[in-house]
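Visitor: What follows is a structure written as C-alpha cells; I'll ask about it next.
The values are calculated or read from the model by the stated rules, or taken from the named source; none is laboratory data. Keep in mind it's a predicted model, so treat the numbers as computed, not measured. A quick note on method: Cβ atoms are made from the backbone with ideal geometry, for glycine too, and the neighbour counts reach across all protein chains shown.
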Amino acid sequence: MHFQSADINFAIELDAHDELASYRDEFQISDPNLIYLDGNSLGRLPKRTVEYMGNAIERGWGERLIRVWNEGWIDTPSELGAKIAKLVGAQADEILVTDSTSVNLFKLGLAALRVHPKRLKIVSDVFNFPSDLYILQGIIDLLGNEHRLELVHSTDGIIISSDAVKDAIDEDTCLVTFSHVAFKSAFMYDMAYVTELAHDAGALTLWDLSHSVGAVPVDLNGCEVDLAVGCTYKYLNGGPGSPAFLYVKRDLQDRLIPPIWGWFAAQAPFAFDLNFNPATDISRFKVGTPAMLSMKAVEPAVGLHLSAGIDRLREKSVQQSEYLIFLAEQWLLPLGFSLGSPRDPAMRGSHVSLRHPEGFRINKALIESPPPAIRVIPDFREPDNIRLGIAPMYTTYVEIHQALSRIRTVVDKKIYEMYSTQRSGVT
Ligand SMILES: *Cc1c(COP(=O)(O)O)cnc(C)c1O
C-alpha cells in the first residue's frame with residue numbers, strides 16, 4: 001500500500017473516501033479532543049446500546065419480570081452465538097455466548113485433554129495472553145501434574161515461525177492452543193496451516209479469538225478448527241466485562257465432557273432432576289443463569305458489525321494500520337521508536353505496537369497531558385510497547401494523523417519527562 005503524503009489534508013481526503021465513515025456516528029463520542037486508540041481493549045459505546053439497554057431494563061426486567069425469560073431472553077446465549085458465528089465462519093449452533101473468556105478456556109481446555117488421556121503435551125506460545133497460560137497451568141495442576149506445557153518461542157519478539165510450531169507438535173501432543181492474534185505484537189497466525197499441523201499429529205486445536213473477532217475475518221469451519229473462545233468487549237463493543245463466547249465444532253459437541261456440571265448444562269434444566277444428564281448440543285458448556293443484562297448489551301454492537309461486514313472492516317483496518325506505520329516510519333523511528341508488530345499486514349491483526357525505551361512515560365503523557373493538548377489513549381504493555389488499536393468501525397485517518405503527530409511532540413519536546421514511571425492498577 002502506498003501513501004503519497006504525511007500532510008493532514010491527505011488524511012482528510014482518505015476519510016472522505018472511506019465508505020464505512022458513517023459508522024462513526026453510531027458511537028457515543030463526546031470529547032472531540034480525545035483520540036481513542038484502545039478499542040482493542042475496551043470498545044466504544046454504541047449509541048443504540050443506550051436505548052436498547054434502557055428498554056431491556058425498564059420493560060424487560062421492570063415490567064415483564066420473570067416472564068421475560070420465556071419472551072426470548074432464555075435463547076439469547078444461542079441466538080447471539082448464531083450472529084457471532086457469521087463473523088467467525090461457524091455454524092449457528094456451534095457458538096454459545098457465556099461466562100468469561102478465561103472460564104471458557106478452562107472448560108474447553110479441560111474437556112479437550114480428556115479426549116486423548118494418554119497424550120501429555122500441550123503446545124502454546126510465549127505470546128499468549130497470561131490468563132490463557134495460567135488457566136492451562138491450573139488445568140495441569142488439577143489433573144495431577146502429569147501434563148506439560150510447551151511454549152513455542154520467538155526469535156524476534158514479533159512473530160512465531162511456523163517451523164518452530166511444527167517442531168513443537170508431536171505424537172504426544174493432545175492440545176495446540178494459541179491466541180490467533182497476539183495481544184502484544186499483533187502477530188497473526190495462519191490458522192489453517194497450524195490447525196492442519198495439529199490434526200496431522202492427532203491433536204485438537206483451541207484458538208483464542210479475543211484480538212481477532214470483529215476486526216479480522218476468521219474461518220473456523222474452513223480451517224476445520226475444533227474449539228475456540230473469544231471476548232465481546234474488545235472490537236465487538238459489548239461493554240466492560242461483557243460475556244464471552246465459545247465455539248465447539250459440531251461433531252465434537254456430544255463427545256466432549258463438560259467439566260462444570262451446572263444446571264444450565266443439563267438436557268432439561270427445569271426438570272430439576274437430581275442427577276446430571278448433559279445436553280447433547282453445545283448447551284452442555286453452559287454453567288448457570290446467564291448475566292443477561294451484560295449479554296443484552298452485546299446484541300446491538302454485534303448487529304453493527306454484521307451490517308458493516310467483516311471483510312470491509314478488515315480492508316479498512318489494514319489500510320489504516322498501513323497509514324499509521326507509514327507516518328511512524330517518517331516521524332517516530334528517527335526518535336528511537338521501533339516497530340513491534342509484523343510489517344506484513346497479512347501477519348498482523350488490527351493493532352500496531354510501537355516500542356520505545358520510554359514507552360511507559362510516553363503513554364502516560366499521551367493520556368494525561370492537560371488541555372489544550374490533544375489527549376490520546378493507547379495502552380501500554382510491558383516492557384516497552386505502546387499499542388495503538390485501530391477499530392475500523394470508528395477510527396478515522398485524521399485521528400491517526402493527530403495521534404502520531406502528538407506522539408512525535410511528546411518525545412521530541414521530552415514532555416514525557418514530567419511523568420513518573422509508577423505503574424497503576426489497570427494499564
Ligand atoms: C482479553 C483477553 C482475555 C481476557 O479474558 P477475560 O476472562 O475476559 O478476562 C483472554 N485471552 C486473550 C487472548 C485476550 O486477549
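Visitor: Do the conditions hold for residue 22, that is, is it hydroxyl-bearing (Ser, Thr, Tyr), surrounded by fewer than 17 Cβ atoms within 10 Å (Cβ to Cβ) and assigned to a helix (DSSP H, G or I)?
Guide: Details: hydroxyl-bearing (Ser, Thr, Tyr): yes; surrounded by fewer than 17 Cβ atoms within 10 Å (Cβ to Cβ): yes; assigned to a helix (DSSP H, G or I): yes.
When the stated conditions are applied, residue 22 passes them.
Visitor: Mind listing just one residue for me: the one in segment 233-278 that is away from the ligand (no atom under 16 Å from the Cβ) and among the small types (Gly, Ala, Ser) and, of those, surrounded by the most Cβ atoms within 10 Å (Cβ to Cβ)?
Guide: Filtering first and then ranking leaves 265.
Visitor: If you don't mind, there's one more thing I want to ask. Determine whether residue 192 is under 30 Å from residue 325 (Cα atoms) and either charged (D, E, K, R) or more than 16 Å from the ligand (Cβ to nearest atom) (or both).
Guide: Values: under 30 Å from residue 325 (Cα atoms): yes; either charged (D, E, K, R) or more than 16 Å from the ligand (Cβ to nearest atom) (or both): yes.
Answer is yes for this residue.
Visitor: Considering only segment 279-297, state which residues are within 22 Å of the chain's Cα centre (by Cα) and either away from the ligand (no atom under 16 Å from the Cβ) or among the polar types (S, T, N, Q) (or both). I'd like the intermediate steps shown before the answer.
Guide: Initially, segment 279-297 is screened for residues within 22 Å of the chain's Cα centre (by Cα), giving 282, 285-286, 290-297.
Matches in segment 279-297: 282, 286, 292, 293, 294, 296.
Visitor: Mind telling me which of the residues 100, 131 ends up being without any contact (Cβ under 8 Å) to a residue 40 or more places away in the chain, surrounded by fewer than 22 Cβ atoms within 10 Å (Cβ to Cβ), within 18 Å of the chain's Cα centre (by Cα) and within 16 Å of the ligand (Cβ to nearest atom)? First the steps, then the outcome.
Guide: Working: 100 fails: without any contact (Cβ under 8 Å) to a residue 40 or more places away in the chain.
The conditions single out 131.
Visitor: In the list 211, 199, which residue meets the criterion of being closer than 15 Å to residue 177 by Cβ and either more than 16 Å from the ligand (Cβ to nearest atom) or small (Gly, Ala, Ser) (or both)?
Guide: When all the criteria are applied, what remains is 199.
Visitor: Suppose we filter 208, 219 for residues that are in contact (Cβ under 8 Å) with a residue 40 or more places away in the chain, under 27 Å from residue 281 (Cβ atoms) and buried (at least 24 other Cβ atoms within 10 Å of the Cβ); which single one remains? Before the answer, list the steps.
Guide: Numbers: 219 fails: buried (at least 24 other Cβ atoms within 10 Å of the Cβ).
One residue alone meets the criteria, 208.
Visitor: Name the residue that is farthest from residue 6 (Cα to Cα), counting only residues in segment 379-427 that are of a type in the set (A, V, I, L, M, F, W, C) and assigned to a loop (DSSP other than H, G, I, E, B).
Guide: Only one residue fits best here, namely 426.
Visitor: Is it fair to say residue 343 is at pLDDT 95 or above, of a type in the set (Lys, Arg), surrounded by fewer than 20 Cβ atoms within 10 Å (Cβ to Cβ) and in contact with a helix residue (DSSP H, G or I) (Cβ under 8 Å, 6 or more places away or on another chain)? First the steps, then the outcome.
Guide: Working: at pLDDT 95 or above: yes; of a type in the set (Lys, Arg): yes; surrounded by fewer than 20 Cβ atoms within 10 Å (Cβ to Cβ): yes; in contact with a helix residue (DSSP H, G or I) (Cβ under 8 Å, 6 or more places away or on another chain): yes.
Considered against the rule, which asks whether it is at pLDDT 95 or above, of a type in the set (Lys, Arg), surrounded by fewer than 20 Cβ atoms within 10 Å (Cβ to Cβ) and in contact with a helix residue (DSSP H, G or I) (Cβ under 8 Å, 6 or more places away or on another chain), residue 343 comes out as yes.
Visitor: Out of the residues in segment 317-332 that are closer than 23 Å to residue 127 by Cβ and out of contact with any helix residue (DSSP H, G or I) (no Cβ under 8 Å at 6 or more places or on another chain), which is surrounded by the most Cβ atoms within 10 Å (Cβ to Cβ)?
Guide: 317
Visitor: Does at least one position in segment 220-227 carry a residue that is within 16 Å of the ligand (Cβ to nearest atom) and closer than 22 Å to residue 138 by Cα?
Guide: The answer is yes, given that some residue of segment 220-227 is within 16 Å of the ligand (Cβ to nearest atom) and closer than 22 Å to residue 138 by Cα.
Visitor: Could you check, for segment 371-391, whether at least one of its residues is acidic (Asp, Glu) and within 20 Å of residue 36 (Cβ to Cβ)? Give the derivation first.
Guide: Going through segment 371-391, the residues acidic (Asp, Glu) turn out to be 379, 382, 384.
Filter again for within 20 Å of residue 36 (Cβ to Cβ), leaving 379.
Checked segment 371-391: at least one residue is acidic (Asp, Glu) and within 20 Å of residue 36 (Cβ to Cβ).
Visitor: Which one is surrounded by the most Cβ atoms within 10 Å (Cβ to Cβ), of the residues in segment 366-375 that are under 15 Å from residue 413 (Cβ atoms) and touching a helix residue (DSSP H, G or I) at 6+ places or on another chain (Cβ under 8 Å)?
Guide: Among those that are under 15 Å from residue 413 (Cβ atoms) and touching a helix residue (DSSP H, G or I) at 6+ places or on another chain (Cβ under 8 Å), it is 366.
Visitor: Out of 56, 85, I need the residue that is in contact with a helix residue (DSSP H, G or I) (Cβ under 6 Å, 6 or more places away or on another chain), within 25 Å of residue 270 (Cα to Cα) and surrounded by fewer than 23 Cβ atoms within 10 Å (Cβ to Cβ). Which one? Before you say what the answer is, go through the steps one by one.
Guide: Working: 85 fails: within 25 Å of residue 270 (Cα to Cα).
Just one listed residue meets the conditions, 56.
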